1. Which condition number does Glu291 fail, the rest of (1) at pLDDT 95 or above; (2) under 19 Å from the mean Cα position of the chain (by Cα) being met?
2. Identify, from the list Leu237, Leu269, the residue that is in contact with a Pro (Cβ under 8 Å, 6 or more places away or on another chain) and not acidic (Asp, Glu).
3. Taking strands (runs of 3 or more DSSP E) that do not extend beyond the stretch 1-81, which have at least 1 residues that are of a type in the set (S, T, N, Q) and open to solvent by 10 Å² or more (accessible area, probe 1.4 Å)?
4. Could you list, ordered by first residue, the pairs with Cβ atoms under 8 Å in which the first is in the stretch 218-246 and within 22 Å of Tyr30 (Cβ to Cβ) and modelled with pLDDT under 75 and the second is among the polar types (S, T, N, Q) and open to solvent by 60 Å² or more (accessible area, probe 1.4 Å), at least 6 apart or interchain?
5. Check off (1) surrounded by 13 or more Cβ atoms within 10 Å (Cβ to Cβ); (2) within 30 Å of Arg146 (Cβ to Cβ) for Asp322 and give me the number that stays unchecked.
6. Can we say Val213 is over 17 Å from Ser319 (Cα atoms), at pLDDT 95 or above, open to solvent by 10 Å² or more (accessible area, probe 1.4 Å) and under 19 Å from the mean Cα position of the chain (by Cα)?
7. Has the stretch 267-283 got any residue that is in contact with a strand residue (DSSP E or B) (Cβ under 7 Å, 6 or more places away or on another chain) and open to solvent by 40 Å² or more (accessible area, probe 1.4 Å)?
8. Within the stretch 8-46, take every residue that is at pLDDT below 95 and not hydroxyl-bearing (Ser, Thr, Tyr) and give me the one that is nearest to the chain's Cα centre (by Cα).
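The values are calculated or read from the model by the stated rules, or taken from the named source; none is laboratory data. Treat the numbers as computed from the prediction; the structure is a model and nothing was measured. So basically every Cβ, Gly included, is an ideal-geometry build from the backbone, and we count neighbours across all protein chains shown. These accessible areas exclude ligands, DNA and RNA; they are computed on the full protein's heavy atoms, side chains included. Shrake-Rupley method; radii C 1.70, N 1.55, O 1.52, S 1.80 Å.
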Amino acid sequence: MAVTQDSYVVLNDGNKMPVVGFGTYAPETYTKEEAGASTKVAIEVGYRHIDCAFIYGNEVEVGKAIREKIADGTVKRGDIFYTGKLWSTNHTPDRVRPALEKTLKDLQLDYIDLFIIHTPVELKPGDDPFPKDGDGKLIFHNTDLRDTWKAMEDCKDAGLTRSIGVSNFNRRQLELILNKPGLKYKPVCNQVECHIFLNQSKLLGFCKANDIVLVGFSVLGSSRVENWIDQNSPKVLEDPVLNAVAKKNKRSPAQVAMRYLLQRGIVVLAKSFSPDRIKQNFQVFDFELSEEDMRSLDGVNKDMRYLSINEWKEHPKYSFHDEY
């Protein structure tokens, strides 16, 4: 089936997710207002899937951008698929709904389309998003993920979110939810780092077998300004195989990197603060990679992760110790 600008995947609860989303995370070098301005450009270009999170600190600005594009007639609320995320200090069941209500208040929207657990790693509940002890170490907490999931299900039943899912979960953690006694709703998606250097083939196979959509972030690699990124790690967009395939198809390396994932059934999130690149990253629907191109790009995989977050490795729910 051809992938078009209007293409979507049908989630396991019947709701529809556009296959290309706009990521709104902004490094400290950009202002929150710039995140809002970029979101408006993205909607004008054609993006209908907006990915944000409480911890990004810009839901007020992103919500304002969405409402302005609704007010001027560019889109209707039903055209926009908005993803919000439950932060790590809000995993205890009594904090899940208030966290979602805070997101809704900041966005000034009546509901969101998808609410996902941002990461299985849990931090001490409270208002400090990164609680630390006297030695400067993060203070971990360990609520049963199944209890957190029950509270997520309650948010869906209350109509605050249309769908619920997870992010950064490995196979074992997904199975814990899927095998939960009394499970009412399966996760509709698992949002994970995914690109040509980390193609997530095994996790993708597991998710497909369980009717869970894999959503990829950092699909073009990762920003070098972050202090947790190895500055010597190879850059996705400089990979020679990717560039050769891009040249052959008369496309940019970014477009080919995204198209590769789309053709494997992965929903892709791309972020940029350049209007030209925002537009270019959405132009991935009018070409198709051949089987030979796909095989060439399969061979680039290194199982290399940009975002391993070493500070979290001691947590019992750290998900990257497992193969997938």
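1. All conditions are met except number (2).
2. Testing whether each residue is in contact with a Pro (Cβ under 8 Å, 6 or more places away or on another chain) and not acidic (Asp, Glu) leaves just Leu237.
3. Filter on the stretch 1-81 gives an empty set.
4. Here the result reads Arg224/Gln231; Val225/Thr29; Trp228/Asn310, each pair linking the stretch 218-246 to a residue that is among the polar types (S, T, N, Q) and open to solvent by 60 Å² or more (accessible area, probe 1.4 Å).
5. (1)
6. yes
7. yes
8. Per the criteria, the residue is Ala26.
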